[in-house]
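Below is one structure, written out as structure tokens, with a few remarks after it.
Where a number appears in this text, it was derived from the coordinates with a stated rule and is not lab data. None of these values were measured; they are calculated from a predicted model. Don't worry about glycine lacking a Cβ; one is built from the backbone with ideal geometry, like all the others, and counts go over all protein chains shown.
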Amino acid sequence: MESILEKAKVNHNLKKEEIIELLKTDNSLLFETANKVREKYKGNSVHLRGLIEFTNICKNDCFYCGLRCSNKKIERYRLTEEEILNCVKRAVNAGYKTVVLQGGEDSYFTSERICSIIKEIKKYDVALTLSIGEKTLEEYKAFKEAGADRYLMRIETTDKDLYKSLHPNMSFENRVNCIKTIKNLGYETGTGCLVGLPNQTIESLADDILFFKEINADMVGIGPFIPHSETPLANANKDNFDLALKVMAITRLILPDINIPATTAMESLKENGRVIALNSGANVVMPNMTDTIYRAKYELYPNKICINDSPDKCINCIKGKIQAMGREISSSKGYRNDLF
Ligand code: SAM
Ligand code: SF4
Ligand code: FES
């Protein structure tokens, strides 16, 4: 294992067999090496992206997600443009340089409506990330022209059969095409996967990591899968933190200069999970800017952190955690090529 890590630290390439070996081994050296690579390429700054969960309405039925359309138990909501802009102002006032607009695939938000929101948000001089799922080429183009800078769409899994079994009425090929289109249009492109899905193999996780490298992702978010009671995967294993951390750390080794968030799901599974992730290769945190009244309704998975907290509480909480680690809060918009 030591020799694989030594090699990866220098040339940032790993073969599938080597990734598999790293995924199968429990050794803190992986995390220490990823932390060093993060420090060398990204410095000690942590980028904060203000997350706005603007609609929990979704036409899709992903087997793992609490927002899936078949879940009749959640109360649905969508924010008005004014409410979205209030979240943006909150993030800007806290000094954040990026906001992320995330939601289900909600057909109320037509291309025209999204473009109008993008233009309003861009008046605040922030980088804007969209995470609103699969759209057409024309829609992606229109969002880019309206001012969106980045787009996040996880591949979720590169195992085609597993993908098919978890996504009724969706296609793996279309997901890949969307991600490639986003990249070709010049968005900073974020992708990622879920770790610990039932029937997911270590080999397929190695393929996921190689996929991030192949498409040269600018951002990779790794989510430990957390089973939700109102989904078909309710009884699945939820002990996925350690494996997700390994996938994240290996991703840092082979894509040394990208942005990697310490994900909310990591902290939801393990106390201080984001701090652990920031010490294992991550350099980004996405604090929740959504009003408290909506938070519990954006229940992708159970025990999600911060659902009873206010945006101000999150702003102060995360600042305190980062400073206590001896890391700084970045004052840049945090593009991949920004120097720290
Ligand atoms: N609808 C858009 C999409 O799917 O790309 C964006 C919003 S979706 C809620 C954001 C991410 O939540 C998904 O990419 C998925 O990986 C994650 N997610 C959904 N259910 C989850 C679960 N049970 N555990 C962990 N992450 C989950
Ligand atoms: Fe909808 Fe995204 Fe959840 Fe799938 S993961 S059901 S697309 S919100
Ligand atoms: Fe929300 Fe800590 S980040 S309370």
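Descriptive notes on the structure:
- Extended-chain gain in nm, criterion 0.36 nm per residue less alpha-carbon gap, Ser165 and Thr136: 8.1 nm
- Highest mean first, the peptides 130-143, 211-224, 104-117 sorted by other C-beta atoms within 10 Å per residue fall in the order 211-224, 130-143, 104-117.
- In this structure the amide hydrogen of Val46, modeled in the peptide plane, comes within under 5 Å of the amide hydrogens of Glu328, Ile329, Ser330, none closer than 5 places in sequence on its chain.
- Set of lysines with alpha-carbon distance to Lys238 below 26 Å, sequence-local pairs under 8 removed: Lys16, Lys24, Lys59, Lys72, Lys73, Lys160, Lys164, Lys246, Lys270, Lys297, Lys304, Lys321
- Put simply, when 4-12, 58-66 are sorted by average Cβ atoms within 10 angstrom per residue, most first, you get 58-66, 4-12.
- When you count the other C-beta atoms within 10 angstrom of each residue and take the mean per peptide, 16-23, 233-240 line up highest first as 16-23, 233-240.
- Under the Karplus curve 6.51 cos²θ - 1.76 cosθ + 1.60, θ = phi - 60°, whole-Hz ³J(HN,Hα) for the range 115-128, x wherever Gly or Pro sits: 4, 5, 5, 4, 4, 5, 4, 5, 5, 8, 6, 10, 6, 10
- Residue order, fewest to most surrounding Cβ atoms within 10 angstrom, among Thr191, Thr181: Thr181, Thr191
- Pairs of C-alpha atoms in the range 144-208 farther apart than 13 Å represent 64 percent of all such pairs.
- Projected-area mean, the chain, by convex hull of Cα positions, square nanometres: 15.1 nm²
- Separation in nanometres of the label points that stand 7 Å from Cα toward Cβ, at Arg76 and Asp125: 3.9 nm
- Segment Asn216-Arg113, length gained on full extension (0.36 nm per residue, minus Cα span): 34.0 nm
- For a paramagnetic label modelled on Ser229 (point 7 Å from Cα along Cα→Cβ), amide N atoms under 17 Å away belong, within the range 47-75, to 65-68, 71-75.
- Between Asn308 and Val10, the FRET efficiency from the beta-carbon distance, with R0 = 56 Å, is close to 0.75.
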